[in-house]
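Chemist: Mind having a look at this structure? Questions to follow.
The values are calculated or read from the model by the stated rules, or taken from the named source; none is laboratory data. Keep in mind that what you see is a predicted model, and the values were worked out from it rather than measured. Quick reminder, even Gly has a Cβ in these numbers, built from the backbone with ideal geometry, and neighbours come from all protein chains shown.
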Amino acid sequence: MNRSLIAFPVAFLLAAAVGCGDNSSGSESSDDSATTATATITTTNGSVTVTEGNSMTESSQSGTDSGTESTTNGPSGDGDGDGDGDGDGDGDGDGDGDGDGDGDGDGDGDGDDPTGFVIEPCEEYDPMTAVPIPTHMVLVLDKSGSMFGNTWDHDNMPGTPEITRWNSLHNVVDQILTNYQDKIDFGVQLYPFANAQNTYGEPACQTSNMPEVATGPNNKNLIINAIPGAMVTNSYGGTPSQRGVESAITHLMTKPAEDNRTIMFISDGAANCTAGANIPGLFESYDNSLHTTVADAFNDHGITTYVVGIDIVNSVTPAVQDGNPDSVNPFQKLNQLAQEGGVPNMGNTQFYDSQNQIDLEAALDNIAQEAISCTVPLPEPPPEEDNVVIKVDGMEIPFLGIGVTECPMDETGWFWSVEFMELTLCGMACDDLQVSGELEAEFFCTIG
């Protein structure tokens, strides 16, 4: 970050260069020479180059065979005739010409910038702590029958007993809520809802039209109590993904548009239960409206959707009446959905592909940390927009410059996302903010 500091005048003392005797008879003399000192002072508004010249006269020297040396100098060697060697003619030795000895050229003896201006912390503004804009995240959890009826190698150790996918998901959700409930306002939406029936019909698809728990701070206990327990195995239903996502979006639309609104969508298969579909299409056909719903939420309202897959197989499903969509590749569909949600995972697989509980925990942890916003509104604007210092954990963050509107790739720093009222951190500074949860802003003022 560039900011103005105290600017001192450039007056360099150029000492006379005196040669050493060579223990042989003879004499040596040099010509007078002029030397110019140049310095550049940089501020956020540009650079100022200051140049001052000093004349320097080198003394004559003589030596003897005995090794003794005698030197004859002028009055001071600087050419101004005052005897102090600084070249300014006032005799005080500071080089500024005003006679007070402080070097600033203003004659008051205090050493301030000769212009009379200094940059200091503003007396009327204490350093302030600011926090990122709130993040509201709805966990949209797959509560279909396959989550409770299918087991997997949760610990990636073939010799240990397998557990259900739901058991793993419950454990990981519990851990993520413990770690992040003070930084993220979590809520939860089940699809289908808890009372969905084990039937080949609409009652297996029913989903609440509002989240089981609305987003809010420190919601862990409410959420854990609202979802089936880790050891439950007799829960049923289809995969009405679109209905669950739509309910979550409806809730998030009640939150301020300037806040960070996001969904963590978790599924172990392909979406079905298309609204208005008849049997068998209700279960045997893929629900493409899920993609439209997710894409519209992102494009029209800025609501992002992170996509997590549990034990997804990269193959086309068989065309049989088994309660699952026919002739569709769930892996490809989740990849597509992750792109439409606006926050795809890095790499060839755009969704977070979890093949065991270890993967699942890493995925949810990465998502939760990434979802914490790095945009921070300031309680009040700075008195001088060019003189602001931003710190995270005591480390000053560099300013990326006026005119920057988005984070440059692989750069660490901050920029004004709303002029002088809101800033955004980038790179490692953002990472640090997501861990610490706050930053410190200090305002500096021009005095004089």
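Chemist: Quick check on my filter: what residues within the range 290-316 are surrounded by fewer than 21 Cβ atoms within 10 Å (Cβ to Cβ) and within 18 Å of SER327 (Cβ to Cβ)?
Modeler: The answer is HIS291, VAL313, ASN314, SER315, VAL316.
Chemist: Hey, can you tell me all the residues within the range 227-259 that are under 24 Å from THR164 (Cα atoms), in contact (Cβ under 8 Å) with a residue 60 or more places away in the chain and of a type in the set (Gly, Ala, Ser)?
Modeler: ALA230, SER235, GLY237, GLY238, SER241, GLY244
Chemist: Could you please give the count of residues in the range 233-286 that are crowded, with 19+ Cβ neighbours inside 10 Å and assigned to a helix (DSSP H, G or I)?
Modeler: Residues meeting the conditions: 14.
Chemist: Turning to a different aspect of this structure: Considering only the range 396-448, give the strands (runs of 3 or more DSSP E) lying wholly within it that have at least 3 residues that are under 20 Å from GLN369 (Cα atoms).
Modeler: The strands (runs of 3 or more DSSP E) meeting that bar are 422-426.
Chemist: Residues to consider are PHE298, PHE265; find the one that is within 34 Å of the chain's Cα centre (by Cα), farther than 26 Å from ASN195 by Cα and not hydroxyl-bearing (Ser, Thr, Tyr).
Modeler: PHE298 is the lone residue from the list that is within 34 Å of the chain's Cα centre (by Cα), farther than 26 Å from ASN195 by Cα and not hydroxyl-bearing (Ser, Thr, Tyr).
Chemist: Still on this structure: Among the strands (runs of 3 or more DSSP E) confined wholly to the range 336-395, which include 3 or more residues that are in contact with a Lys or Arg (Cβ under 8 Å, 6 or more places away or on another chain), on the phi > 0 side of the Ramachandran plot and not assigned by TED's automatic domain parsing to the domain that holds THR304?
Modeler: So the answer is none; nothing clears 3.
Chemist: Could you identify the single residue in GLU202, GLU123 that is among the acidic types (Asp, Glu) and either touching a helix residue (DSSP H, G or I) at 6+ places or on another chain (Cβ under 6 Å) or not assigned by TED's automatic domain parsing to the domain that holds TYR236 (or both)?
Modeler: Answer to the check: GLU123.
Okay, residues lined up against (1) of a type in the set (A, V, I, L, M); (2) touching a Cys at 6+ places or on another chain (Cβ under 9 Å); (3) in the same structural domain as ASN198 (by TED's automatic domain parsing); (4) within 19 Å of ASN195 (Cα to Cα):
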| position | (1), (2), (3), (4) |
| --- | --- |
| LYS220 | no, no, yes, no |
| ALA226 | yes, no, yes, yes |
| MET231 | yes, no, yes, yes |
| ASN234 | no, no, yes, yes |
| PRO240 | no, yes, yes, yes |
| SER247 | no, no, yes, yes |
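Chemist: Of everything in the range 402-448, what is on the phi > 0 side of the Ramachandran plot and either of a type in the set (Asp, Glu) or surrounded by 17 or more Cβ atoms within 10 Å (Cβ to Cβ) (or both)? Give them in sequence order.
Modeler: ASP410, GLY413, GLY427
Okay, residues lined up against (1) touching a Leu at 6+ places or on another chain (Cβ under 8 Å); (2) surrounded by fewer than 21 Cβ atoms within 10 Å (Cβ to Cβ); (3) in a loop (DSSP other than H, G, I, E, B):
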| site | (1), (2), (3) |
| --- | --- |
| TRP166 | no, no, no |
| ASP174 | no, yes, no |
| LEU177 | no, no, no |
| ASN198 | no, yes, yes |
| PRO203 | no, yes, no |
| GLN206 | no, yes, yes |
| ASN221 | no, yes, no |
| PRO228 | no, yes, yes |
| MET231 | no, yes, yes |
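Chemist: Can I ask one more? Can you spot a residue in the range 309-330 that is over 19 Å from GLY145 (Cα atoms), assigned by TED's automatic domain parsing to the domain that holds ASP365, at pLDDT 95 or above and not in a loop (DSSP other than H, G, I, E, B)?
Modeler: No, every residue in the range 309-330 fails to be over 19 Å from GLY145 (Cα atoms), assigned by TED's automatic domain parsing to the domain that holds ASP365, at pLDDT 95 or above and not in a loop (DSSP other than H, G, I, E, B).
Chemist: Would you say ASN324 is surrounded by fewer than 21 Cβ atoms within 10 Å (Cβ to Cβ) and farther than 21 Å from TRP166 by Cα?
Modeler: Taking the combined requirement at face value, the residue does not satisfy it.
Chemist: What are the residue pairs meeting all of these: first residue in the range 420-448, first residue under 16 Å from ASP410 (Cα atoms) and in the same structural domain as ASP386 (by TED's automatic domain parsing), second residue in a strand (DSSP E or B) and charged (D, E, K, R), Cβ atoms under 9 Å, and 6 or more apart or on different chains?
Modeler: none
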